[in-house]
1. Which residue out of 286, 302, 281 is of a type in the set (Gly, Ala, Ser), at pLDDT below 70 and open to solvent by less than 60 Å² (accessible area, probe 1.4 Å)?
2. If you go through segment 1-30, how many residues are surrounded by fewer than 19 Cβ atoms within 10 Å (Cβ to Cβ), at pLDDT 85 or above and part of a loop (DSSP other than H, G, I, E, B)?
3. For segment 398-413, what are the residues that are hydrophobic (A, V, I, L, M, F, W, C) and open to solvent by 30 Å² or more (accessible area, probe 1.4 Å)?
4. Could you check segment 39-70 and list, in sequence order, the residues that are closer than 24 Å to residue 5 by Cβ, open to solvent by less than 10 Å² (accessible area, probe 1.4 Å) and either out of contact with any His (no Cβ under 9 Å at 6 or more places or on another chain) or modelled with pLDDT of 90 or more (or both)?
5. Please identify the pairs in which a residue from segment 390-413 that is in contact (Cβ under 8 Å) with a residue 24 or more places away in the chain has its Cβ atom under 6 Å from the Cβ atom of a residue that is open to solvent by 60 Å² or more (accessible area, probe 1.4 Å) and of a type in the set (S, T, N, Q), counting only partners at least 6 apart or on another chain.
6. Quick check on my filter: what residues within segment 508-521 are surrounded by 15 or more Cβ atoms within 10 Å (Cβ to Cβ) and more than 23 Å from residue 351 (Cβ to Cβ)?
7. For segment 479-489: of the residues being part of a loop (DSSP other than H, G, I, E, B) and over 29 Å from residue 426 (Cα atoms), which is least open to solvent (accessible area, probe 1.4 Å)?
8. Quick one: how many residues across segment 414-426 are open to solvent by less than 10 Å² (accessible area, probe 1.4 Å) and in contact with a Pro (Cβ under 7 Å, 6 or more places away or on another chain)?
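The values are calculated or read from the model by the stated rules, or taken from the named source; none is laboratory data. As the structure is a computational prediction, the values presented were derived from the model and not from experiment. Positions of Cβ are backbone-derived with ideal geometry, glycine not excepted, and every protein chain shown enters the neighbour counts. For accessibility, only protein heavy atoms count, side chains too; no ligands or nucleic acids. Shrake-Rupley method; radii C 1.70, N 1.55, O 1.52, S 1.80 Å.
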Amino acid sequence: MATAVPRLVVRDAAGHEREVEITQTPFTLGRQSDNDLVLLDNRISRQHARIVYGAQGYVLEDSSSRHGTYVNGERIERCALKDGDRLSLGVSDAYGLTFVSEEATLARLLERIETAPGSSAPRLQQLNFLLQLGQMLHRAAALEEILTAVVDSALQLSGADRGILFLMDESDRLTLRLVRQRPGVRGETQATGYSEEILQRVLETHREEMALESLSGGHMARETVLISGRQRGILAIPLQKLPVAEAGGETIRHIAPKLLGVLYLESSSQPAAMTSLDRQALGTLALESAMIIENARLLRVAREQERSRHEMALARSIQQGLLPRSLPRAVHFQLHAVTRPCHAVGGDYYDVIPLPGERVGLTVADISGKGLPAAMMSMTLQGAFSALAAADLSLEELFTRINAFLCERTPPEMYATLLYGVLEPSGRFHFVNAGHAPPLYIRANGLVETLDSPNFPLGLFAHAHYEAISLALSPGEQVVIFSDGLTEAQNEALELFGEARLIEIAKASAAQGLQPEEFCSKLIHEVKRFAGAAPPVDDLTVAILRYSPAAG
């Protein structure tokens, strides 16, 4: 006659419940994966508590845990358990456990059925087990908890001594994830001594493999062999998604099932049992487990993507906050600038630095590469350059120091092109162009010139020298500084916007007498119109400086 098996009803922080039978003692509880009940919460100790059986019945003992063990709200070191006791491991907002010792209704029903002739009780036991397992797997929050439940459930269904779970990694290689021992069985708890030959066959065929293997010589035989000597039974079950079919137009494409891993079970105490298992139940477990593992992976990927999006949004907010909140206004110049990253963050930036004597410094920089690495380097450059430029050093010394700084602190494959100019109230414009796109000089008569410079980019050569150029601006004349994301913008036919189009727009804007803000808006609009539906391939920055001493 079957007797009731005590169990723990486990309720997680979200209110989901599952039941875990106490099939052997001591029954250990804790965060570490080799516990009989694994509870994934960092505040729970690795070996937190255990349940033992003795003269007092089932007794809960604390295992010198960090935050203590509680029964019905009272901290205990050792306490005899009775039906309905509420257990808590250290923190009240984590897992809640309830000790249940009386028989479940279904268990009593199965006890009656199993004594009838031709009883189907084993089938019903398996069905009940699989239903409970399915509920538990769908409620489990962490992938490690799911994997532990899969292996423990397979051990319970099969009666195997040891279970090993292998999963495919991102490179489609089989890697070890978990080793579990059946409660009450002593043996190898490390992932050693398993049959690599059987695993390889499962990888090649994507089919279940079963065999008897001699423990002494490693000789393997199929299930029809007579058992003699020391042998172990081995069952390796592929974990794979069901095959699917996709319809595209008038064709249907069948996609083969994807192998997610292998569940490896072995028994040396009862090797023959491994060859006579009801493998339909284990097949159901494998299919259900594969679906849950894949869903857990997809959820983890979605969470990682969401975290990445949040981090990129935060980085974008920080980078945008480093740009000037407002451009300065003065009686001798007008200035407008705009930057457009092609990703969430970019490597372009502009900055305006007030200097003594009503002078103003204007920076436009472009970091090699795109995305987060370029953005990080641009923020580093902006901080260092702004601090040194505010010290009002000579332009040659300023660029020499910044170049040495970048050569020492940035990877050799990254560098920056940068143009920095200082405008005086008299209209004198001194600037250094460190490998940046040549700016346009729009004269008062409408002629447009490019201002070339022989200087190297910053961060490439530690001992590079930089030469400044001086330009005398007349009232109404403009300097257009831009990054190569403007001239190298592409349309759907992969044509470049080019310098010629830029010069034509500059001439037309000068003829119309457009102010810097209007000129800048027109230029950005023309680039967007040229690109059409083609996505941007590089960051884009434009700054337009107009000398107008009568603008005050």
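1. Working: 286 fails: at pLDDT below 70; 302 fails: at pLDDT below 70.
The match here is 281.
2. Final tally of qualifying residues: 3.
3. Answer for segment 398-413, where residues must be hydrophobic (A, V, I, L, M, F, W, C) and open to solvent by 30 Å² or more (accessible area, probe 1.4 Å): 404, 405, 407.
4. Hits for segment 39-70 are 48, 49, 51, 59, 60, 69.
5. Note: no pairs meet the criteria.
6. Answer for segment 508-521, where residues must be surrounded by 15 or more Cβ atoms within 10 Å (Cβ to Cβ) and more than 23 Å from residue 351 (Cβ to Cβ): 509, 510, 514.
7. Here the answer is 489.
8. The total comes to 2.
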